[in-house]
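K.L.:
Okay, handing you the structure first.
The values are calculated or read from the model by the stated rules, or taken from the named source; none is laboratory data. Just so it is clear, the structure is predicted and the values come from calculations on it, not from any experiment. Methodologically, a virtual Cβ is constructed for each residue, glycine included, from the backbone with ideal geometry; neighbour enumeration extends over all protein chains shown. Surface accessibility is based on the protein's heavy atoms, side chains included, excluding ligands, DNA and RNA. Shrake-Rupley method; radii C 1.70, N 1.55, O 1.52, S 1.80 Å.
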Amino acid sequence: MKHAGTQMIKTDRLTLRRIELDDAEMMFRNWANDEEVTRYLRWLPHKDVDETRKIIQEWFENYKNDYTYHWGICLEDGEMIGSIGIIITEYDYKADVGYCIGRNWWGKGYTSEAVKAVINYMFINTDIERIEAYHSVKNPASGKVMLNAAMVYEGHARHKYKNHDGFQDSDMYGIVREMWEVQNEIAYYNALPFVFDDFIEVPELSDGVIYLTCKKKTPAIPDKKWVPGYILNICKDGEAIGEVALRIGYTDGLYYGGQIAYNVDENYRGNGYAVRACRLLLLIAKAHGMIKLLITNNHTNKASMRVCEKLGARLIRTTSLPEWHDLYKEGQRLQNIYEWNVE
């Protein structure tokens, strides 16, 4: 397995770095001596700074190995307020993440920020496949940390581990590489520019073979995270032969559902009309400043895949639909995600 060791990580508010012997006083004072901090952990609070120093010495020796991952969590002023570490299971390409932070800094989002940074570090710098974490059910605040770091609840384990209070029932969370990659892709598309002050007036759009007429303009519904959109009839020889839709904007849901949707009546399929309709839509997309459009389809929909290929759209991935998505509720499970660059 590829390793990177404990390198410095910077976030908006934190620096994660190796813990050194000179940090013993801070570590003891800020979290290691506090029985509330260690209440659900496997180790007891330190009795004195010498105990803390001895532990740090062991960690310091382990830093010689590139498979050691253990950071001190530091504020901008250099104050170390907690620690976070990774334990690797080489054969499974799996990592367990554990953390603790001083009581004075609870509830400020620092731990979630550190966990998310370490997850990013591991997926970027190693070939880890899965990162997981668990917490005692008596400590639900730790579960919120995991959720805020984009991990997913996976289930409940009885007597998962033992500490000084006895066996602990635990809730389990995890994230796999594909999930992390999808989250980054969604963040990328959601940050793309677009302009929507109001709907534009859409003229009849024609390429000499088919033409589009605007059938309906659908307003945004913020509560449902629906963006504004256009629905147009695909017409030929004075007859509507299908529909095509364009959604203006980017959301988590549209990563899986796409900005473009199309349907051609069965008797007219196989003639390239969906491809022509999508190309005609570009006038509207560009009027709203959109530079990339996502087109998605069920992984078994060969006809729709051919449309994407003829448009020159790039297949980003085939991925599982999340349970919250409407397409999942309709029974679909795997979705192809295509990117169409329309600059």
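K.L.:
Which residue, of TYR256, TYR250, TYR211, is in contact (Cβ under 8 Å) with a residue 12 or more places away in the chain, open to solvent by 30 Å² or more (accessible area, probe 1.4 Å) and of a type in the set (Phe, Trp, Tyr)? Step through it out loud before you land on a result.
P.N.:
Values: TYR256 fails: open to solvent by 30 Å² or more (accessible area, probe 1.4 Å); TYR250 fails: open to solvent by 30 Å² or more (accessible area, probe 1.4 Å).
On inspection, the qualifying residue turns out to be TYR211.
K.L.:
Identify the single condition in (1) over 19 Å from the mean Cα position of the chain (by Cα); (2) at pLDDT below 95 that ASP326 does not satisfy, given that it satisfies every other one.
P.N.:
If we test ASP326 against (1) over 19 Å from the mean Cα position of the chain (by Cα); (2) at pLDDT below 95, just (1) comes out false.
K.L.:
On to the next question. Checking CYS308 against (1) of a type outside the set (Phe, Trp, Tyr); (2) crowded, with 19+ Cβ neighbours inside 10 Å; (3) part of a strand (DSSP E or B), which test does it fail?
P.N.:
(3)
K.L.:
Still on this model: Collect the residues in the range 75-114 that are small (Gly, Ala, Ser), in a loop (DSSP other than H, G, I, E, B) and open to solvent by less than 40 Å² (accessible area, probe 1.4 Å), keeping them in residue-number order.
P.N.:
Quick first cut of the range 75-114, residues small (Gly, Ala, Ser) only: 78, 82-83, 85, 95, 98, 102, 107, 109, 112, 114.
From the residues that got through so far, the ones that are in a loop (DSSP other than H, G, I, E, B) too are 78, 102, 107, 109.
GLY78, GLY102, GLY109, listed by residue number.
K.L.:
In the range 135-179, how many residues are in contact with a strand residue (DSSP E or B) (Cβ under 8 Å, 6 or more places away or on another chain), part of a loop (DSSP other than H, G, I, E, B) and loosely packed, with under 14 Cβ neighbours inside 10 Å?
P.N.:
1
K.L.:
Those residues that are buried (at least 18 other Cβ atoms within 10 Å of the Cβ) and part of a helix (DSSP H, G or I), I need them from the range 117-130; list them, please.
P.N.:
Result: ALA117, VAL118, ILE119, TYR121, MET122, PHE123.
K.L.:
So which of ASN267, ASN263 is surrounded by fewer than 19 Cβ atoms within 10 Å (Cβ to Cβ) and farther than 27 Å from THR319 by Cα?
P.N.:
Selected residue: ASN267, the only one of ASN267, ASN263 that is surrounded by fewer than 19 Cβ atoms within 10 Å (Cβ to Cβ) and farther than 27 Å from THR319 by Cα.
K.L.:
In addition: Restricting the search to the range 102-129, which residues are touching a strand residue (DSSP E or B) at 6+ places or on another chain (Cβ under 7 Å) and farther than 15 Å from THR11 by Cβ? Don't jump to the end; show me each part of the working.
P.N.:
Pass one, the range 102-129, residues touching a strand residue (DSSP E or B) at 6+ places or on another chain (Cβ under 7 Å): 102, 105, 110-111, 114-115, 117-119, 121-122, 128-129.
The answer is GLY102, ILE128, GLU129.
K.L.:
Is it true that SER320 is open to solvent by 30 Å² or more (accessible area, probe 1.4 Å), among the small types (Gly, Ala, Ser) and either more than 21 Å from LYS217 (Cα to Cα) or in contact with a helix residue (DSSP H, G or I) (Cβ under 6 Å, 6 or more places away or on another chain) (or both)? Walk me through how you get there before you give the answer.
P.N.:
Details: open to solvent by 30 Å² or more (accessible area, probe 1.4 Å): yes; among the small types (Gly, Ala, Ser): yes; either more than 21 Å from LYS217 (Cα to Cα) or in contact with a helix residue (DSSP H, G or I) (Cβ under 6 Å, 6 or more places away or on another chain) (or both): yes.
Spelling it out, SER320 is indeed open to solvent by 30 Å² or more (accessible area, probe 1.4 Å), among the small types (Gly, Ala, Ser) and either more than 21 Å from LYS217 (Cα to Cα) or in contact with a helix residue (DSSP H, G or I) (Cβ under 6 Å, 6 or more places away or on another chain) (or both).
K.L.:
Also: Just give me the residues in the range 241-256 being part of a strand (DSSP E or B) and under 19 Å from ASP223 (Cβ atoms), in sequence order. Even if it seems obvious, please write down each step before you answer.
P.N.:
From the range 241-256, those part of a strand (DSSP E or B) are 241-247; that's our starting set.
Residue satisfying the conditions is ARG247 alone.
K.L.:
To continue, here is another question. Hey, can you tell me all the residues within the range 333-343 that are open to solvent by less than 50 Å² (accessible area, probe 1.4 Å) and either modelled with pLDDT of 95 or more or not hydrophobic (A, V, I, L, M, F, W, C) (or both)? Walk me through it before giving the result.
P.N.:
Of the range 333-343, the ones open to solvent by less than 50 Å² (accessible area, probe 1.4 Å) are 335-340, 342.
Once the filter is applied, which keeps residues that are open to solvent by less than 50 Å² (accessible area, probe 1.4 Å) and either modelled with pLDDT of 95 or more or not hydrophobic (A, V, I, L, M, F, W, C) (or both), the range 333-343 yields GLN335, ASN336, ILE337, TYR338, GLU339, TRP340.
K.L.:
Would you pick out the residues in the range 292-336 that are in contact with a Ser or Thr (Cβ under 8 Å, 6 or more places away or on another chain) and closer than 21 Å to ARG177 by Cβ?
P.N.:
Within the range 292-336, HIS299, ARG333, LEU334, GLN335, ASN336 qualify.
K.L.:
Could you list, in sequence order, the residues of the range 21-60 that are outside any helix (DSSP H, G or I), surrounded by 14 or more Cβ atoms within 10 Å (Cβ to Cβ) and in contact (Cβ under 8 Å) with a residue 24 or more places away in the chain?
P.N.:
The first filter runs over the range 21-60 and keeps only residues outside any helix (DSSP H, G or I), leaving 33-48.
With surrounded by 14 or more Cβ atoms within 10 Å (Cβ to Cβ) added as a condition, the list becomes 33-34, 37-41, 45-46.
Scanning the range 21-60 gives ASP34, VAL37, THR38, ARG39, TYR40, LEU41.
K.L.:
If LYS286 satisfies every condition in (1) surrounded by 14 or more Cβ atoms within 10 Å (Cβ to Cβ); (2) in a helix (DSSP H, G or I) but one, which is the exception?
P.N.:
(1)
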